[in-house]
Protein chains: 2
Amino acid sequence: MKALVYDGTLAVRDVPTPEPGTGEATVRVSMAGICNTDIEIARGYMGFSGILGHEMVGVVEAAPDPALVGTRVTAEINLACGRCERCARGFGRHCASRTVLGILGKDGCFAERVTLPVRNLHAVPDTLSDEQAVFTEPFAAAFEVLELVHVEPMAEVGVLGDGKLGLLCATALRGTEANLTLVGKHERKLAHARKLGIPTQPADAVQPGQFDIVVEATGSPSGLDLALTAVRPRGTVVLKSTFFGRPEIDTAKVVIDEIRVVGSRCGPFPAALRSLRAGRADPTPLIDARYGLNDAVTAFEHTQRSGVLKVLLDLS
Amino acid sequence: MKALVYDGTLAVRDVPTPEPGTGEATVRVSMAGICNTDIEIARGYMGFSGILGHEMVGVVEAAPDPALVGTRVTAEINLACGRCERCARGFGRHCASRTVLGILGKDGCFAERVTLPVRNLHAVPDTLSDEQAVFTEPFAAAFEVLELVHVEPMAEVGVLGDGKLGLLCATALRGTEANLTLVGKHERKLAHARKLGIPTQPADAVQPGQFDIVVEATGSPSGLDLALTAVRPRGTVVLKSTFFGRPEIDTAKVVIDEIRVVGSRCGPFPAALRSLRAGRADPTPLIDARYGLNDAVTAFEHTQRSGVLKVLLDLS
């Protein structure tokens with residue numbers, strides 16, 4: 001089968017079709033999304049080598065339970081052992097021996113087929129298009145903010161970053177009815193946010209201590225400094241960005257202002273699917289381009305152009 | 001009067017006796033404690049210039065209400081405006097226009113006399129010695145951990161740092177009945193902790209993910225890396241250390257393991273005084289030396305010797 005492989009260079013290759021292990025299904029990929037994490041991995045983040053990709057929707061082609069065959073699914077990306085203490089306590093996403101689809105020790109979904117544990121699969125409601133369903137994984141990651149932090153309806157909330165991560169976080173947070181502002185540097189993307197009903201503010205207009213809660217989704221080390229400036233004393237900064245390297249932090253500011261900094265990664269798929277199914281969110285306006293798998297390297301280049309939001313790989 | 005002044009160099013000088021402002025009392029200082037923050041200030045932290053010192057016990061010599069004269073007191077160090085929104089919400093310790101005793105825009109207590117707002121004063125119970133009462137400020141800062149973080153009785157808690165800050169934090173946390181371990185590098189100080197009934201562990205024996213909650217009280221940038229290693233996924237790191245500079249942080253670890261990092265500074269004096277008065281804590285075994293005010297520069301040097309805990313200035 002064809003797949004987008006990163007092993008120091010990025011190329012579409014012919015690779016063996018994967019064989020499902022115990023408890024695994026084979027899924028024929030219909031559509032996949034390119035994430036900033038994929039870009040960071042191709043810069044050395046996580047030291048990953050293999051097939052990239054972790055945002056997908058597809059159709060089950062083979063499964064231990066034949067009734068699953070033909071089901072349209074999206075998939076959680078953390079493959080937990082299911083046996084350790086963390087798994088037993090429901091923290092499989094933090095299982096110490098987990099692999100992660102297209103990120104850590106497990107080939108990803110930028111391929112014609114992918115194998116996945118059945119317990120990682122979520123059926124996609126018929127009313128959702130592939131274009132909507134392919135956003136389930138990053139939209140679930142946005143809901144993880146709400147799993148980790150109590151966002152009160154009267155809170156002043158700033159989302160830093162007008163890229164797809166920031167826009168999805170702002171979309172997930174809308175339901176809290178907190179006073180939400182998307183902060184960014186690109187007028188085109190900010191205009192986009194306003195079209196989605198999200199108030200915006202240019203980054204250079206941020207006031208010190210303006211927000212009770214700041215979600216840092218810029219994907220850039222400098223976003224953290226802005227977040228620590230924008231949050232009030234005793235406020236909360238949620239870190240969503242992952243990037244390669246060790247940024248310098250003003251820890252004295254964190255201590256003096258007693259700021260809570262909360263890391264946030266993968267999130268709850270059912271919450272994302274409920275929101276999408278009920279029509280409370282539609283991320284498809286974020287789609288800027290789609291490419292076939294053969295043109296995946298070009299798609300990667302497109303994703304990194306200034307102002308570009310979501311680029312999809314369409315294998316249907 | 002005499003005072004220990006830092007203005008680029010550290011020296012005992014003759015300075016004018018301060019005049020109390022509106023709502024302020026004059027306190028004759030009986031005893032004062034040297035804190036690591038004082039050492040950091042003498043390295044450039046906070047850009048402070050003036051009389052150092054913020055840990056003290058003394059006797060009111062003049063006050064707007066004459067009934068206060070003669071009262072033995074300790075004092076909260078944040079001088080809030082009392083009028084802004086943060087003050088109105090009870091967050092005077094975070095008042096944006098506050099000054100801070102011996103740290104920010106307000107002469108400190110390494111002096112024969114100090115002026116302080118009456119509302120900052122706390123009467124010292126008669127049963128407490130000056131040696132005990134002088135610990136109220138740093139011991140209150142230790143209780144701030146419990147103001148900011150819920151420490152469950154079944155939590156595994158590690159306090160990193162066998163200096164006076166770490167020992168006071170561990171002492172404050174004992175009452176939670178969490179499974180508490182003090183982690184340090186100095187066998188002499190660790191032996192000290194064990195004498196206080198606190199289990200200890202050498203820093204090089206820390207296991208990754210060993211603790212649910214880690215209190216970083218090493219006073220050193222490297223302590224943060226150890227804290228992020230020692231805490232489990234979804235665990236909490238409380239930052240108590242302040243130091244000069246911007247350390248590099250593994251933010252990807254914070255995001256991937258969804259760690260909460262909580263800055264913590266000054267704390268509740270009533271909690272510290274209750275604990276001291278009830279005899280649930282006695283910090284006096286931490287006292288390593290005492291000097292007169294004339295020898296304050298020597299006392300500063302003594303404080304920085306390896307293995308030294310609390311050094312006091314005795315003005316009584």
### Message
Between A:D65 and A:H186, what is the label-point separation in nm under the 7 Å Cα-to-beta-carbon projection?
### Response
4.2
### Message
Taking the 0 to 90 degree range and rounding to the nearest ten, how far is the long axis of helix B:164-174 tilted relative to the main principal axis of chain B, both from C-alpha atoms?
### Response
70
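Please tell me which of these pairs span more than 19 angstrom C-alpha to C-alpha: B:K185/B:K253; A:K106/A:K164; B:K2/B:K164; A:K240/B:K253; A:K2/A:K106?
Table pairs above 19 Å Cα-Cα are B:K185/B:K253; A:K106/A:K164; B:K2/B:K164.
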#### Entry: Acute angle (nearest 10 degrees) that the helix A:221-230 long axis makes with the longest principal axis of chain A, alpha-carbon atoms
40
### Query
Counting only DSSP beta bridges with both residues in the protein assembly as shown, what percent are antiparallel, rounded to the nearest 5?
55
### Message
To the nearest 20 Debye, how big is the dipole of the range A:1-67 about its Cα centre, given +1 on the beta carbon of each Lys and Arg and -1 on that of each Asp and Glu?
### Response
200
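Hey, what's the Kirkwood Rh for the range A:1-152 if you take every pair of different alpha carbons, in angstrom? Before the final figure, lay out the partial values.
Numbers: mean 1/r = 0.0625 Å⁻¹.
That comes to 16.0 Å for the range A:1-152.
Determine the relative contact order of the range A:72-196: mean sequence separation of Cα pairs under 8 Å and six or more apart, normalised by residue count, in whole percent.
Values: 151 pairs, mean separation 23.6, N = 125.
Reported as a whole number, the value is 19 percent.
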### Task
Find every distance from the label point of A:A67 to the corresponding label point in the other copies (7 Å from Cα along Cα→Cβ) and write them in nm, one decimal, shortest first.
7.8
### Task
Using Cα positions and a limit of under 17 Å, work out the aspartates and glutamates in reach of A:K195, with same-chain residues fewer than 8 apart set aside.
A:D162, A:E187, A:D282, A:D288
### Task
Find the centroid of the Cα atoms in the range A:140-213 and in the range A:255-316, then give the distance between the two in whole Å.
15
### Query
Restricting the count to DSSP beta bridges whose residues both fall in chain A, what percent are antiparallel, rounded to a multiple of 5?
55
### Message
Rounded to the nearest 20 debye, what is the charge dipole size of the range B:4-137 about its Cα centre when +1 sits on each Lys and Arg Cβ and -1 on each Asp and Glu Cβ?
### Response
500
### Nm distances between copies for A:E187, ranked from closest, using label points 7 Å along Cα→Cβ
6.9
### Task
With a 1.4 Å probe on protein heavy atoms only, tell me which residues of the range B:233-249 lose at least 50 Å² of accessible surface in the complex relative to the chain by itself.
B:P233, B:R234, B:R246, B:E248, B:I249
### Message
Suppose every Lys and Arg Cβ carries +1 and every Asp and Glu Cβ carries -1, with no other charges. What dipole size does the protein assembly as shown come out with about its Cα centre, to the nearest 20 debye?
### Response
440
### Message
For a Förster distance of 45 Å, can you work out the FRET efficiency between the beta-carbons of A:T99 and A:R280, rounded to the nearest 0.05?
### Response
0.90
### Approximate spin-label separation A:V118-B:R43, in nm, with each point projected 7 Å along Cα-to-Cβ
5.9
### Query
How much accessible surface area, in Å² rounded to 10, belongs to the heavy atoms of B:S129 with a 1.4 Å probe?
40
### Query
Could you give, in nm with one decimal, how far A:E112 is from each other copy of that position, shortest first, with labels 7 Å out from Cα toward Cβ?
9.2
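Using a probe of 1.4 angstrom, how much of the accessible area of the range B:118-261 is carbon and sulfur, in percent? Please list the in-between numbers first.
Details: 2740 of 5240 Å².
Here carbon and sulfur together make up 52 percent of the probe-accessible area.
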### Task
Would you be so kind as to identify which of A:V157, A:I77, A:A133 lies farthest towards the positive end of the dipole of the range A:75-161, taking Lys and Arg as +1 and Asp and Glu as -1 on Cβ and the Cα centre as origin?
A:I77
### Query
All other residues with a Cβ under 11 Å from the Cβ of B:G175 taken together, and with Lys, Arg as +1 and Asp, Glu as -1, what is their net charge?
+2
### Task
With no solvent and one equal point scatterer placed on each C-alpha of the range A:198-316, evaluate the Debye formula and give log10 I(q)/I(0) for q = 0.13, 0.15, 0.20 Å⁻¹, two decimals.
-0.73, -0.92, -1.20
### Summary
Note: A:256-269 gets an average of partner chain Cβ contacts (10 Å, Cβ to Cβ) equal to 6
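In a shell of Cβ-Cβ distance under 10 Å around A:F269, excluding A:F269 itself, what net charge do Lys and Arg (+1) and Asp and Glu (-1) give?
Numbers: positive: A:R274; negative: A:E76, A:E137.
So the surrounding residues net to -1.
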### Task
Compute the long axis of helix A:136-148 from its Cα atoms, compare it with the longest principal axis of the Cα atoms of chain A, and write down the angle in degrees, 0 to 90, nearest 10.
40
#### Entry: Average accessible surface area per residue within the protein assembly as shown, 1.4 Å rolling probe, Å²
39
#### Entry: Where B meets A: accessible area buried, both sides, 1.4 Å probe, Å²
3600
### Query
If we count every other residue with Cβ under 15 angstrom of B:T17's Cβ, Lys/Arg +1 and Asp/Glu -1, where does the sum land?
-2
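The values are calculated or read from the model by the stated rules, or taken from the named source; none is laboratory data. Since this is a predicted model, take the numbers as computed values, not measurements. Glycine also receives a Cβ, built like all others from the backbone with ideal geometry; neighbour counts cover every protein chain displayed. The protein model used for the area step is the full one, side chains on, heavy atoms only, and it has no ligands, DNA or RNA in it. Shrake-Rupley method; radii C 1.70, N 1.55, O 1.52, S 1.80 Å.
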